[in-house]
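Visitor: Quick one: structure below, then a few questions.
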Amino acid sequence: MGAIETLSLAMGTAWTSGINLYATVAALGIAGSAGMIQLPPELQVLTSPLVIGIACVMYVTEFFADKVPLVDSGWDVLHTFIRIPAGAILAARAIGDTSPALELAALLGGGTVAFAAHGTKATVRLAINTSPEPFSNWAASVTEDLAALSGIWLIFHYPLLMVLFVLGFTALAFWLIPRLFRLAKKGFQAIRARLRGDPPNGVVRPSPSIPSSLSLH
């Protein structure tokens, strides 16, 4: 595996992990065990039936949780502590047996890419949850699954394109941080208002009328 292919695998798996970790692990494991792709020795553990089985079970769980408004955002908050470290580890292991300095660089770079992907996904989901209808959640969930699986396909078929895409996506995500922060804040406020039963913005609750018998003349 050449330098571009290795970089594509490291950065690509970090990015897809930030979008959908379980789909990434399951797809890589199944494709590797079937001989469809060649994984480096350090990632051969993904072809273990136990790893594939757990990844598939968790993917199915996430598939349904991801389509329920508010539940999807709670799932994303929990997976902040799972997707980002996992993306960093996959990136570090993808580069194979190398120097500690390069391995640390891959770990930090993979964590950064996974953070950018996960942060963007979670923020967009918060914004979507300001809408009461569930169809946008379903559309976003299916789009994310397709993006993760398409990313894995690009890693092995167009490695240079995947590297350029991840670099561009990460740069854009960090450039958009102030806007994403405001979007996330707005989403949290909308969710809190819905949980408290507050009316939507611009809607004023009618004040209770005073019975005529109690009115003062």
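Visitor: Among (1) aliphatic (A, V, I, L, M); (2) without any contact (Cβ under 8 Å) to a residue 40 or more places away in the chain; (3) within 30 Å of residue 2 (Cβ to Cβ), where does residue 177 come up short?
Guide: (3)
Visitor: If you scan segment 40-81, which residues turn out to be under 23 Å from residue 112 (Cβ atoms) and either among the polar types (S, T, N, Q) or not in a helix (DSSP H, G or I) (or both)?
Guide: Matches in segment 40-81: 40, 73, 80.
Visitor: What is the one condition in (1) loosely packed, with under 14 Cβ neighbours inside 10 Å; (2) farther than 22 Å from residue 29 by Cα; (3) touching a residue at least 40 places away in the same chain (Cβ under 8 Å) that residue 139 does not satisfy?
Guide: (3)
Visitor: Hey, another quick one. Can you tell me how many residues within segment 84-110 are farther than 29 Å from residue 69 by Cβ, assigned to a helix (DSSP H, G or I) and either β-branched (Val, Ile, Thr) or touching a residue at least 60 places away in the same chain (Cβ under 8 Å) (or both)? Give the derivation first.
Guide: Initially, segment 84-110 is screened for residues farther than 29 Å from residue 69 by Cβ, giving 88-110.
With assigned to a helix (DSSP H, G or I) added as a condition, the list becomes 88-94, 100-110.
Retained after the next criterion (residues that are either β-branched (Val, Ile, Thr) or touching a residue at least 60 places away in the same chain (Cβ under 8 Å) (or both)): 88-92, 94, 106, 109-110.
So the answer is 9.
Visitor: For segment 133-156, check the following and say yes or no: at least one residue is out of contact with any Lys or Arg (no Cβ under 8 Å at 6 or more places or on another chain), among the charged types (D, E, K, R) and at pLDDT below 85.
Guide: yes
Visitor: Next question. Could you check, for segment 8-28, whether at least one of its residues is surrounded by fewer than 18 Cβ atoms within 10 Å (Cβ to Cβ), among the β-branched types (Val, Ile, Thr) and modelled with pLDDT of 95 or more?
Guide: no
The values are calculated or read from the model by the stated rules, or taken from the named source; none is laboratory data. Just so it is clear, the model here is predicted, and its values are computed rather than measured. Glycine also receives a Cβ, built like all others from the backbone with ideal geometry; neighbour counts cover every protein chain displayed.
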